[in-house]
Every structure is written in C-alpha cells, then in structure tokens.
1. Treating only the Cβ of Lys, Arg, Asp and Glu as charged (+1, +1, -1, -1), what charge dipole size does the range B:71-137 show about its Cα centre? Round to the nearest 20 debye.
2. From the backbone phi of the range B:70-81, what are the Karplus-calculated ³J(HN,Hα) couplings (6.51 cos²θ - 1.76 cosθ + 1.60, θ = phi - 60°) in whole Hz, Gly and Pro given as x?
3. Along each principal axis of its Cα atoms, how long is chain B end to end? Whole angstroms, biggest number first, please.
4. Before anything else, pin down the relative contact order of the range B:119-211: Cα pairs under 8 Å, at least 6 apart, normalised by residue count, whole percent.
5. Under 10 Å, Cα contacts only: if you run a Gaussian network model on chain B, which one of B:Glu100, B:Glu119, B:Glu141 comes out with the highest mean-square fluctuation?
6. What quantity of accessible surface, computed with a 1.4 Å probe and excluding non-protein components, is buried in total between chains A and B, in Å² to the nearest 100?
7. Apply the Karplus parameterisation 6.51 cos²θ - 1.76 cosθ + 1.60, with θ equal to phi minus 60°, to every residue of the range B:27-33 and state each ³J(HN,Hα) to the nearest whole Hz, in sequence, with x for glycine and proline.
8. Given H placed 1.01 Å from N in the peptide plane, which residues other than close sequence neighbours of A:Glu13 have an amide H under 5 Å from its amide H?
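The values are calculated or read from the model by the stated rules, or taken from the named source; none is laboratory data. Because the structure is predicted, anything quoted here is derived from the model rather than measured. So basically every Cβ, Gly included, is an ideal-geometry build from the backbone, and we count neighbours across all protein chains shown. Keep in mind that these areas ignore ligands, DNA and RNA; they rest on the heavy atoms of the full protein, side chains included. Shrake-Rupley method; radii C 1.70, N 1.55, O 1.52, S 1.80 Å.
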Amino acid sequence: MNKFNIFINDSDETFECFEQEHLLKGMLRLGRKDIPVGCRNGGCGVCKVKIVSGQYQAGIMSRNHVSVEEQNEDIALACRVFPRSDITLNVLGKMKNEFVRTHVASQNTKS
Amino acid sequence: MAITGVMRPGHVMLNVLDIDESVKHYCEHMGLIETDRDDQGRVYLKCWDEHDWFSVVLQKNDSPGMDHMAFKVDNQASLLRFEENLKKFGCNVERIAAGELNHCGERVRFDSPTGHTFELYTEKEVYGNGLPTTNPAPWPEGLQGMQAVRFDHCLLYGDDLDGTVKLFVEALEFDVAEQVVDGELQIAAFLSCSHKAHDIAFIRNEEKNKIHHASFLLNTWENVLRAADIISMKDIPLDIGPTRHGLTRGQTIYFFDPSGNRNEVFCEDSYRYPDSPVLTWTPDHLGQAIFYHSRELNDRFLNVVT
C-alpha cells in the first residue's frame, strides 16, 4: 500500500495520503476543524484545490465546480483526487481563507 | 380530510454523475426498486409502499442537482385550474406530452422565482406496492437496505423565496405549515398540500435553483438508527444524525448520494389540518429549530447544496 506526502503551499503543512484514499481524507489527518468537508462525492465543490506538482488520478467531478479548462490546469476537488506520487497543492474555494490564515499565523510565530 | 387539488409530491428527477453507482446507492443502500429504464438512459425508481410506477428518476448529467420535481394532481379540472393560475402568476408554462417520461401522462411544466422547475400531472401507471389490495400483508418480503417507504419531500434553496412561496400558496393552494422568520424577513418556509408537515420546503439563498435534499420516509426511529448502521457499513458519506429537528419534529439522518446530492431518511414528523396554526421559529432559536438536541448550527448542513 503506497503512501505519499502531500504539501499544502498555502499553510506550509504536509499530510500523508495512501494511494487508494482521496486527498480530502488524508487532509483530515491534520486534525483541523476548519477543513470544509462537504459531500465527499465530487458534487458540492467546497474542497477545490490546484495540483501544482505530482501525479494523481481524478474521479468524475461536477462541471458546475470544475470546468474543462480548470481540469486541464490540474484544478480538482480534493475528494476525487487519488495520489500517485508526492503532491504539492494550493487550496482554492471555500478552504482558501482558513489555510492562508494558518500560514500567516505560523509566519508570525516564526518571526 | 379530503385531499384535493395537488395531492402529493409525485416524483423528483435527480441529475447524477454516474448512473450505475447511483442505482446501487438508491436501490441496494436505500431500498428503492428499479422499475424501468428509457432510451435516454434514465432510470426509474420507486419506494416499496408507493403504488405509482416511479417516484425518482435518475438522469446522467455532468453536474449533480435537481432537474425538476413533479406533483400529482387529483383530476384534469384541477390541472386546468392550476395551469391558468400559473399563467396568471407569470410563470413560463408548457405542456410535456404523455409518455415523454415512461408510464407518466401529460405534464404541465413551469418555472419559479427561485429558479426551480416544477411539473404537475394527473396520470401515472400503477406498478403496485408488492402486496395484494385484498387482505394485504403489512410489508413485502425481499426489501433491501434502508427500506425507504416513500419519496416524501424536497428542501430547495433559492433567492426569491417570497416569490416562490407566493406561487405555491396562491397558484397551487399549498399552506405554509411552518416557517423561520427574522423580523419581517422569511428565511425558510415549509409548505404542505396535505396532512403532512411538509410536501416541499424552501430556504432563502443567494443562488437560484439549488437542492438541499430529497427526503424519504421510514416508519420508526429504530429504522433511522438502522439506516445509520448502513451508512457506516457501506461507507456512505454521512452529513449529520441520527438526530431530531425542532422544525417539523422529524427524527432524521442525512447523507450524500454518489454525486453529492444530499438525501434524508426520517420518521415521525408532525402533521397538520387545514385549520392548524402556522408554526414559527425565530433566529435566536435557529439552533434548536434545525438540530433540537445539539442546537449547534453546522456549516456543511447549512451551506452545502447541489
């Protein structure tokens, strides 16, 4: 069972994700309460991300939330993305603000 | 009490991303029965204790959501009256030929101020509930999963709540049974055309034409707990529950279908008569109105729609 490291650019956090589970499930191991977990079936769009680097397999997603153009630019719903290598991602949609806030807070702590 | 005019929700057509996964969910997990497929690939389902041929139609689409919800009307005279009312109200009204949906008679389709499409019809072929009409047993054998009894209602989200509530009350003769109001502003309206706590409900929301959930009746609280077991057993994404609503008093659990459309199964909500008072909830009690025990508003339950 392969396991990969997933890096979130916005918050400088890394989580582990098995190849047979979707990124959102892995992300929940961060233990954060603010991760918007919606329908978990590619329909509601709250877990939208952009895969910046890495290999993945994506399942079917709502066109209302991920257009063909977006999909070609590696934008996807985390609940439909299965990792095939280590991945770096940016958070989009409803999750964005919370993750940026975490990053700003951690930067302030460091300085 | 005689139920005249609009009798009940007759069916909901849901858009799904994958037909096979959806049929497995609605049939094997929820207990609906497949009764037909058509040349467009649409799948017709019914709950066991419904006599008409179908109450759910699954249609493949690239986005989930509700295509339309249809109500069964008692007779042609009522249908013509409602059709006139809808035209006077300002709806775009069109007739859909009998047979466009298998086993269903002519339908009157109309739009609404919240952007949802609805239909009325008077005829649907009878499939039966698996029991004889003379000396019937209490339930048929061989039911699957949650054993949903009937398609009960939908809760829909849209912008012009006032307009759509006015349409259902004035043009279709529904009553507001229960509501949430913030001062003068109605936030939510639960409407009934029968003895039920609600046959359709609406919540004010920025975006038009969204569905919060399609709901199915179970008979007992024990069956709701058993549905919760099935949700975990079959790895179905749980939304919330088992719990109780203050609004409608329903004992309930919510989960998502394989395309992200929310489903509810529930039991033992309240009832009404034409002279029943309108029940009102205020924003300071919204937590109780939605989840009577925890009283905690939940971002996913309030905001995730398809």
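1. On the way: 8 positive and 10 negative charges, 28 e Å.
Its charge dipole is roughly 140 debye.
2. Computed from phi, the couplings for the range B:70-81 are 10, 10, 8, 10, 5, 7, 4, 4, 5, 4, 5, 4 Hz.
3. So the three principal-axis extents are 50, 46, 44 Å.
4. Answer for the range B:119-211 is 29 percent.
5. B:Glu141
6. The contact between B and A buries close to 1200 Å².
7. 8, 5, 8, 9, x, 6, 10
8. The list, which skips near neighbours in sequence, is A:Ile8.
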